[in-house]
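Working notes, beginning with the structure itself.
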Amino acid sequence: MIVMLARMASDPNDVINRANQVLIANYARWPIEMRRGEGSRLWDQNEKEYIDLFAGFGGCVLGHCHPELIRAAQEQAAKLWHVGNSFHSEPQVEFAERLKKHSFDGRAFFCHSGLEANEAAVKLARLRGLADGGKKWKTVSLIKSFHGRSLAMISATGNPAVKEGFGPPVPGFINVEPMDFDALEKAIDDETCCIIMEPIQGEGGVNLFPIEHVARIRKLCDDRKLTLIFDEVWTGGGRTGEWFGYQWFKQGGSIIEPDIMTMGKAIGGGLPVAGMWAKPDVAKLLVPGKHGCTLGGNQICMKVAKTIFDVIERDDLLNHAKKLGDIAMNRLKREPRLASKAKEVRGHGLFIGIEFEEEPKDLIPKALEKGVVVNVTYKKIVRLAPPINISEKDLQIGLDRFIDAIDA
Ligand code: PLP
């Protein structure tokens, strides 16, 4: 028995083999077990090192095992983990104060995942639609969007592959072409309560919107008394070099704001933290009994989230993300080995998409072989979203490896 255990412990693929016996195979996993992380680097079961240019789908905004986040979590864990939302607790208030400081005036609701945040936002928009005296309950969203995997959010998501196999869509969700303003206008009727969109479409391929288009959507919402929801799950928390993606929509000295924004991923730095931030006159409709989340606003998560915002501010990481994003995009645009293959390099800050002319075959395994983690969406679009505190040196090494993988 002891001999068998010792052999299993020394088999580098032990965890991978065991995983197949106990985990549902809903994720396409590579035969790699990540064992350790530090900053922008990861190490696998064979001690092979990787530069992480995707940060756990954008979650690890300050990289792996940031010492201040460890300390914040440990200190809070020793004090109070969870009490339930029948009580007040300072970590929630502190984090919500950071949201207020770095975005528009609002009020927070906390949960664990982006999809839950979006569900909350659509429910709140429906309450507002009803409060408006009408029977407004429908949501218009955009093709190539992604809003999560619940039944309602796959209906909001503008990607047929995500909906397939789950029966008829939840009623009240209409998907329209992202850049077709006329189609958007036509999709709105007297029963529409909200439009939901990402400031930059993430899963759709790092698709940016011209500010004029967003301004027209904002005006349409104002004219038709619709709630505008920005899904900031990818773009919130400093990823783009602004606190939130909407802050890129600057027009004549003012910024185009949503009525509600949702967030996830980066705001928890890899912990399950998500939330909805709504303007006070909208937020006031969510009264007791209308919505909730048992572990939402968990004290450890909130303390870490607050600390992330403080570190980003203190270390001027928004400017760092902008600077490094520009360096990376300029390099990728000029890279001779990409010239004939890459159609466009786009993004803001450290949220970068490289659209290829043709599907780069086996890119991910080749990149992993070279020692870099990247992601591909919609077959032809490579996404880079490293920790925003990555050093220029690590970023350049990661890009070297990525470019080598493209060439391999
Ligand atoms: N919204 C956007 C824009 C996303 O990119 C995602 C996930 O990738 C979600 C919502 C869903 O978030 P979660 O997986 O945390 O439910």
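The values are calculated or read from the model by the stated rules, or taken from the named source; none is laboratory data. Please read all numbers here as calculations on a predicted model, not as lab measurements. As a convention, Cβ positions derive from the backbone with ideal geometry for all residues, glycine included, and neighbour counts pool all protein chains shown.
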Quick test for you: out of Ser89, Ser141, Ser145, pick the one residue that is surrounded by fewer than 21 Cβ atoms within 10 Å (Cβ to Cβ) and either more than 16 Å from the ligand (Cβ to nearest atom) or at pLDDT 95 or above (or both).
Ser89
List pairs: first residue in the range 273-290 and polar (S, T, N, Q), second residue within 16 Å of the ligand (Cβ to nearest atom) and assigned to a loop (DSSP other than H, G, I, E, B) anywhere in the structure, Cβ distance under 6 angstrom, at least six positions apart or on different chains.
none
All positions within the range 103-120 that are more than 15 Å from Val273 (Cβ to Cβ) and away from the ligand (no atom under 16 Å from the Cβ)
Ser103, Phe104, Asp105, Gly106, Arg107
Determine whether Thr262 is in a strand (DSSP E or B), within 16 Å of the ligand (Cβ to nearest atom) and within 23 Å of Leu124 (Cα to Cα).
yes
Could you check the range 359-408 and list, in sequence order, the residues that are basic (Lys, Arg) and in a helix (DSSP H, G or I)?
Lys366, Lys370, Lys393, Arg401
Somewhere in the range 125-140, is a residue outside any loop (DSSP other than H, G, I, E, B) and under 22 Å from Thr377 (Cβ atoms)?
no
Find the residue count for the range 43-68, including only residues that are surrounded by 24 or more Cβ atoms within 10 Å (Cβ to Cβ) and either outside any loop (DSSP other than H, G, I, E, B) or of a type in the set (Phe, Trp, Tyr) (or both).
2
For Val233, the lone unmet condition from (1) more than 13 Å from the ligand (Cβ to nearest atom); (2) closer than 29 Å to Val83 by Cα; (3) β-branched (Val, Ile, Thr) is (1)
Determine if the range 205-212 includes at least one residue that is over 27 Å from Met329 (Cβ atoms), modelled with pLDDT of 95 or more and within 12 Å of the ligand (Cβ to nearest atom).
no
Subset tally (residues that are of a type in the set (Val, Ile, Thr) and assigned to a strand (DSSP E or B)) for the range 197-223
1
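Could you list, in sequence order, all residues of the range 148-167 that are outside any loop (DSSP other than H, G, I, E, B) and among the polar types (S, T, N, Q)? Don't jump to the end; show me each part of the working.
Initially, the range 148-167 is screened for residues outside any loop (DSSP other than H, G, I, E, B), giving 151-156, 158, 160-163.
Hit for the range 148-167 is Ser155, nothing else.
Looking only at the range 170-178, decide whether some residue is in contact with a Pro (Cβ under 8 Å, 6 or more places away or on another chain) and among the β-branched types (Val, Ile, Thr). Lay out the reasoning, then the answer.
Of the residues in the range 170-178, the ones in contact with a Pro (Cβ under 8 Å, 6 or more places away or on another chain) are none.
Checked the range 170-178: no residue is in contact with a Pro (Cβ under 8 Å, 6 or more places away or on another chain) and among the β-branched types (Val, Ile, Thr).
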Being without any contact (Cβ under 8 Å) to a residue 24 or more places away in the chain and not in a helix (DSSP H, G or I) is the filter; apply it to the range 69-86 and report the residue that is surrounded by the most Cβ atoms within 10 Å (Cβ to Cβ).
Ala78
Do we find a residue being small (Gly, Ala, Ser) and in contact with a strand residue (DSSP E or B) (Cβ under 7 Å, 6 or more places away or on another chain) anywhere in the range 197-204?
no
Odd one out for Trp243 among (1) outside any helix (DSSP H, G or I); (2) out of contact with any Ser or Thr (no Cβ under 7 Å at 6 or more places or on another chain)
(2)
